[in-house]
Ligand SMILES: Nc1ncnc2c1ncn2[C@@H]1O[C@H](COP(=O)(O)OP(=O)(O)O)[C@@H](O)[C@H]1O
Ligand SMILES: [Mg+2]
């Protein structure tokens, strides 16, 4: 039996869960989802990909929940069960020495929530060594920015539940802000628009598809439209409406402007030297939520600063966490650099 478990890095997204194992790379990339028995909530039926497959196909007795909301632990017991499942799946259980674990968190997570997350990971892994790393810091490493140099970088990580904005220099966050606006807000805005303006009710999956196919942060030069199927609110029968890209743009507009507002808030508090670096280097977008069409152009035009969308934005965070997992001395308590040892 091997003595020491390999160190683990986790990107704990509201929608997507990824795990990196030291020496092996990314080993898990599945939805942050658990299917449970309604009567006995500790009876987990499925986790991750399996849970997502069961969605909509399971009997009434079963319910699907995501234990992470806006980057925070929403349900402690289920979060622990989910983490335990994924850790076992990735490295098994036959180790005497427990792994050290790095986990991504939103910026400005308060002490109560930091503690809840740390405890859930500690219980799940049986390990005392848990380190929390802010998502934009991990995303910055993942997109190749020189986070340990005396140069300012501005990273905006747009996930499903939160948008995290941070100015990074010399291995730490200089100014940061986290808002509860992300990909899910775009979906909700589309549902709300269709309900109010078109009297049609659609589910989250339909709204997400509309967002990916049609929505944009700026009006399209050549407007398009699609047929949307849903439930007609007036006579509760199945109905279809034609939904245009202009309407989709109107639906997501205010969530996009909230993101720009958060970036502006951070820029206003950024020391001038670092602000000058950002004007030169641009704003870097990570997280899959930043793939909303024309969001990069909208942010750039609103702020007058170049914006660069990362390649594979959804993977930046776990790649950065992976780098830290391979170089764990960078986050260990002796090191004053990035990341605060959890529970301190
Ligand atoms: N092509 C796309 N256009 C717009 N949004 C997208 C696209 N692809 C994925 N998303 C959205 O990105 C969000 C998930 O991003 P992710 O970084 O994985 O979130 P988290 O880390 O919070 O789990 C979801 O809201 C999803 O709908
Ligand atoms: Mg993410």
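The values are calculated or read from the model by the stated rules, or taken from the named source; none is laboratory data. Not measured: the values here are computed from a predicted model. Because the Cβ atoms are built from the backbone with ideal geometry, glycine has one as well, and the counts that use them run over all protein chains shown.
Structure notes:
- Hits in region 84-118 - residues which are closer than 23 Å to residue 35 by Cβ, without any contact (Cβ under 8 Å) to a residue 60 or more places away in the chain and not in a loop (DSSP other than H, G, I, E, B): 84, 85, 88, 116
- Leading residue by the ranking (nearest to residue 17 (Cα to Cα)) among those in region 286-296 that are in contact with a helix residue (DSSP H, G or I) (Cβ under 6 Å, 6 or more places away or on another chain) and not in a helix (DSSP H, G or I): 287
- Filter result for residue 337 (at pLDDT below 95 and either under 21 Å from residue 259 (Cα atoms) or not assigned by TED's automatic domain parsing to the domain that holds residue 167 (or both)): yes
- Restricting 164, 187 to residues that are assigned to a strand (DSSP E or B) and either free of Cβ contacts under 8 Å to residues at least 12 places away in the same chain or within 27 Å of residue 251 (Cα to Cα) (or both) narrows the list to 164.
- Exactly one residue among 216, 160 is in contact with a strand residue (DSSP E or B) (Cβ under 7 Å, 6 or more places away or on another chain), at pLDDT 95 or above and under 30 Å from residue 275 (Cβ atoms), and that residue is 216.
- The set of residues in region 210-242 being within 18 Å of residue 255 (Cα to Cα) and crowded, with 17+ Cβ neighbours inside 10 Å consists of 210, 211, 214, 215, 216, 217.
- Flag for residue 189 being within 16 Å of ligand 1 (Cβ to nearest atom) and closer than 24 Å to residue 9 by Cβ: no
- One residue from 27, 47 being within 16 Å of ligand 1 (Cβ to nearest atom), modelled with pLDDT of 95 or more and in contact with a helix residue (DSSP H, G or I) (Cβ under 6 Å, 6 or more places away or on another chain): 47
- Of all residues making up region 300-332, the number that are within 14 Å of ligand 1 (Cβ to nearest atom) and outside any loop (DSSP other than H, G, I, E, B): 10
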